[in-house]
Structure formats: C-alpha cells, structure tokens
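Heads up, the thing below is written out as structure tokens.
The values are calculated or read from the model by the stated rules, or taken from the named source; none is laboratory data. None of the values given here were measured: they were computed from a predicted structure. Every residue, glycine as well, gets a Cβ built from its backbone with ideal geometry; the counts of neighbours run over all protein chains shown. Accessible surface areas use protein heavy atoms only, side chains included; no ligands, DNA or RNA. Shrake-Rupley method; radii C 1.70, N 1.55, O 1.52, S 1.80 Å.
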Amino acid sequence: MKGTKMKLKRILAALVAASAFATSAFAFTPYGPQTAPLEDEIQEDTTEGSSQAESTFPSGIVQQYRPKDYEYRMFEQILDAYVEKHLYEFTEGDVLHKFFEDFLNDNPIYFSYFMEYLLGTMDPYSSYYDASSNFLEPGKGSVGFGFTIIDREDGVFIESVLPNSNAMEAGFMAGDKFVSVAGINVENQTFDVISTILAKPQNFIKQEETQEATEIEKTEEVTETTETAEAVEATDTAEATDAAQAKETTAHPVVEIVIDRNGEKHTFNLSRGPMEISQISSMVDENDGKPTAYIQVSSFLGDETDTKFAQLVKKYADDGIKHLTIDLRDNGGGSLDYALAMAEVFVENGEVISYYKDRTLKEPQPIYSTTEKISFDSITILINEHTASAAELFTSILHDKGIAKVIGAKSYGKSLGQEVYTLANGDYITITTYQMLNESLESYDGIGIIPDIAIEEVEMCYTLPSLGVFNHQNYVEIKEGEYSDVTKALEDRMVIMGILREQYCDGIFDETTKNALYVLQKDHEKNATGYVDYETVSLITRIINSYKASTYYDSTQYDVAMIVHHSFSQGKRLANEKERLREEQAQLIEERDAALDAAYEASLEKETAQENIQEN
C-alpha cells in the first residue's frame, strides 16, 4: 500500500508539475524552448547558464529537454491513474473505446484523420480512402474532350481517341490534323498553342457568339412568359434549369474544331465530358535500325489494363518487332492480379513466377504462369525511385528470370500487399495482409530493385541562344506582311517559347505569327489583338528572361535503355558518359546561379544608390 501511495504521489507530482508549466509561457533560452520533465528524468543540469534558465520554471523543475515520447508517457501515467483509482471499475480498453466514441460523435470532421493514424499504426501502407478519391480507378472521374494529341513536323494531330468519350461519340479519329480551334486558324501552330486553346476554350470563344446566344435566350424567356401564376411558376422552373445549363456550358463550353482527314475538312462541335484515361501508352522507336516498341504503364490499375497490355504486346510481336522497352517510372503499383497477369505474358507456361505469403500459410505459396510465352530478342525496363509495389513485382519477375535488363534508379522497395475493404458509406480501407517474394524466396521490401545499369536523369543548364534586339523602342517598326529584323528577333523568341514553329520563323509578320501572339495574349489575360504592343513586349521579355535561370532534363535513362537493345556494354559506356555530363552540368548550373545572384545583388545596390542620390 505504501508503494502504491508513493507511486501515486510521483504521478500526481508529475501531473502538477506539467499543469503548472502549462499555465506559463515557453521559456526560450540559448538552449531552446524548455518544458517540464517527467519526474523520473529530473536531474541536475550543470550546463553553464543553467541557473538563469531555472528561474523561468515552476519551483522544483530544473532545465531539461523534453524527451521525444514525453506526451505519450504522460498519457500512460494519466490513464493508469484514472483506471486504477476511479470510483468505478473499468479497463483501459473500456476508457479508450468510450473516449473515441464520444470524441468522434462530437467531432466527426476528425474521423478520417483518426482512421489514417489507426491504420498506419503497425505498418506504413494500411490506409483510409475517401469514396471520391478514385484510388482504385485512377483514370475515371476525369473530364476532357477525349483525345490525346501529338506534334509532328507538318502539324498537330489526334494521336488517339479515348473510349466512351465525347470525342469518340462525335466521330474524331486518330490521324486527324487540327485546322482550326474556336475559330482560330491553327494549321501551322505548335503543340503548345493548340494545347493552350483546348485547356481554356472559354477564353477563346468569340465574344459576339456569347452575346448572340444570350440575346436568343432572353428573347425565348420573354416569349414564353405569361400572366398566369401557373405559367410564372413554370417560367421560374425553366429559368432555374437554364441557369444550371448556362453554368455547365460556361464550365464546359462547346468548341468548334475543324480537322483535316485525308485532305477533307470536317467540322465538329465538341465540349468536355467524362472520360477514362488509359494507364497504357505506346509507340515504336526506329532506334537506329532496330525498331523498338515502347510501352509506358502509368499504374497497374484501371479498366482491363492487364488485357490491354497483353493485346498490345502480342500485336507488336505479330508485327515483327523484336525489341521492347517497358517504362514503369513513377508507377506506384496497383493490382496484384494485374502485375502477375502482365508478367506471365513473358514467362513459359507452368513456370514459377513468384511466391505469396500471408499469416495463414506455413510456407510461401508458389504462383505459376498460366499463359503461353511471347518472346522478344531483348527487353528493357525503366524504373526510378517512385516505381513501387506491383510495378516492382512485375520488374522483379522479368529481371530475376533474366528476361529483361533494368535501367534507371533503384526502386522504392515495397513487397507488402494490401487488401481493399469497402465501407458502408462507400469509403475504402486497405490493410496489409500479404507479402510477395521472388522465385528465390527473397524479399525486396525496404531494399528496392537494383538496376543493371544505374543512371539518373541529367539536369541540363539551359543556355539562351544569341538573339536580335527586340525592345520597347523598336517594336513599332514591325509591319504586317513585311520583313524586318525586329520581327525576326520577335519570332526567334517565340520559337524559344514554343509558340512558333521554326520553319515559320522568317521575319515576316504574317497570320501564323499573329495568331500565335493572340493566343499568348489571351492566355496571359492581356489585351488580345494579335499585334505587338508595349505590354506584349514586357510579357515576352519577362518570359525570355526567366529562361536564363532554367534547367531541363534530358532523356538519359530512355537513351540508355534503347542503346542496350544494341549492346549492353554500349549502354554502360553511354551511362558513364552521361554521369560525367551530369557532373559537368551540375557545375555549370552552380556557376550560372551564382553569377545571376551576384548580378541581382548588384542591381539592388545600384537601385539603393540611386534612391539615396534622389533623397539627397
């Protein structure tokens, strides 16, 4: 009994000390903010200056850094005292359950926050997802026109039309060339110009069309209005419906798009709508005489991603393509079933491809390939530090069997898998229930997949080319339809900005140059005329100056992956060259940034000096 009393006294002493300290302000000393220690950690502080620090603490508390688990240990002491000494008998479990029940009932906004902490208690991957997250179907819930576009030397084209989209319903086809968008001739425009119009079509639809539509709506409203109460009520309902439709039209306006299809012009009126973004994209790289199929897999989720992948691989093989590169960079994983189904495409029927382990199994369970193998002369897989989970499983299967060479940076390192449970309200939770092992019964969890050729992307220092004079004084020399050096200087800048094709950089201010400027002005909310004015000069100058401090990444990993199809040793040599280039570029970037900083400081000093002169 005596020991219990002493323990209680110590607890109460700690609680009193903490309570007393909580009523005072933090004491900031040369040693940082000070807090009351637990009773069993109080010790004399002989640090120089400690007497000064001690004076800011309640009596009996000396200077001490708070231990990392201070709050939790205090919580344990409080909970123990509460359960042990309360008038009524109950367990810690009773208290905690009651606490969470009351707290969440009173504070429902904290529900997801608490679930995240709860599910992450024993491993970092169990988690909670809101029903609106679409984490199981990343391509769904997207809104757009429903096509992808590609830039070629002779224009911008529809690369693919997404299934169940407005573009597919309207009749767009892969290979259609853009002629005009929202009334703007884009036949000779760049990818960036057309993308800008498609991204914000409401900015480019002509104002008179909007005004005409508004006048028609007003006329219809007046015609349909009657003097009866019933008719007024019906009109109110109609107006509410029209307002909702107008809001929808503003968010997703109808855009006139003219395309060229085999020499014939076709006009479509298209708006954005629901669409599903594919998790797979592909192309064929000629690769110096060794045509190589390139397949990028964004995730192992989506609608029938495994089936689409298998069909695509088979098509390339049937077309006689002998080399394949699979890009899994930034692929965070997804479905276990998809990863296994996509990997077994390359493995002999009946071979072990991986092992599955959960708490119910005494021994890891082998998983066998169930399909006929599709072969290529060479396969490379691109990975980086964001390649994880199912993407790592896929990579490990092909790599461990010697089917593929792996290029890039070491992967994330996650071989733990989660099962998904749907809650009554439509939300989801994932719980870690299994682990995947390679065919040697080894785990890459916390380790990652080590590439055969480890190489980072090279950050390049951008250097502006020599440019002619284009400024606030000489822009007035630009004349429509005429050549001038000032127009050539302007167009050189537009090429750098990506809004003019190099073949149209001829020094003549024509319709192509004018339309590109018009889109630029609209996009930056300037007075959009297509002609050069003082504000436009300022805008272009500011954009070009921003490039002085810019960098970009080259396609290092991709280039190495392609060379490996020719020769692995050549791939290693290229990787070594790229690594030397990376070091050189890092030095250039550092020196350039230092020079820019020095120039900026000098300009500030000059401005300050001029201000001082003016004041005097």
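Computed on the Cα trace of the range 460-616, the radius of gyration divided by the Kirkwood hydrodynamic radius gives Rg/Rh = 1.11. Relative contact order of the range 312-397, taken over Cα pairs closer than 8 Å and 6 or more residues apart, is 46 percent.
Net charge in the neighbourhood of residue 566 (other residues with Cβ under 13 Å of its Cβ; Lys, Arg +1, Asp, Glu -1) is 0.
Rounded to the nearest Å, what's the spacing between the alpha carbon centres of the range 90-107 and the range 292-371? Just the number, please. Here the two parts' Cα centres lie 46 Å apart.
Both the radius of gyration and Dmax for the range 281-400 are 14.6, 52 Å, in that order, over alpha-carbon atoms. Between residue 155 and any residue 5 or more places off or on another chain, the built amide H atoms are never under 5 Å apart.
Per-atom-type breakdown for the range 432-540 gives carbon and sulfur 46% of the accessible area (1.4 Å probe, protein chains only).
Separation of the range 452-474 and the range 536-566, taken as the distance between their Cα centroids, equals 6 angstrom. Each Lys or Arg adds one and each Asp or Glu takes one away; over the other residues whose Cβ falls under 13 Å from the Cβ of residue 403, this sums to -4.
Keeping all protein chains in place, calculate the accessible area per residue for the range 81-203 (probe 1.4 angstrom), answer in Å².
Details: 7190 Å² over 123 residues.
Roughly 58 Å² per residue, with all protein chains present.
In this label model, residue 503 and residue 72 are separated by 6.6 nm, measuring between points 7 Å along each Cα→Cβ vector. Think of a 1.4 Å ball rolled over the protein heavy atoms: the range 302-449 then has 45 Å² of accessible area per residue.
Neighbours of residue 336 by Cβ distance under 14 Å: Lys/Arg scored +1, Asp/Glu scored -1, total -4.
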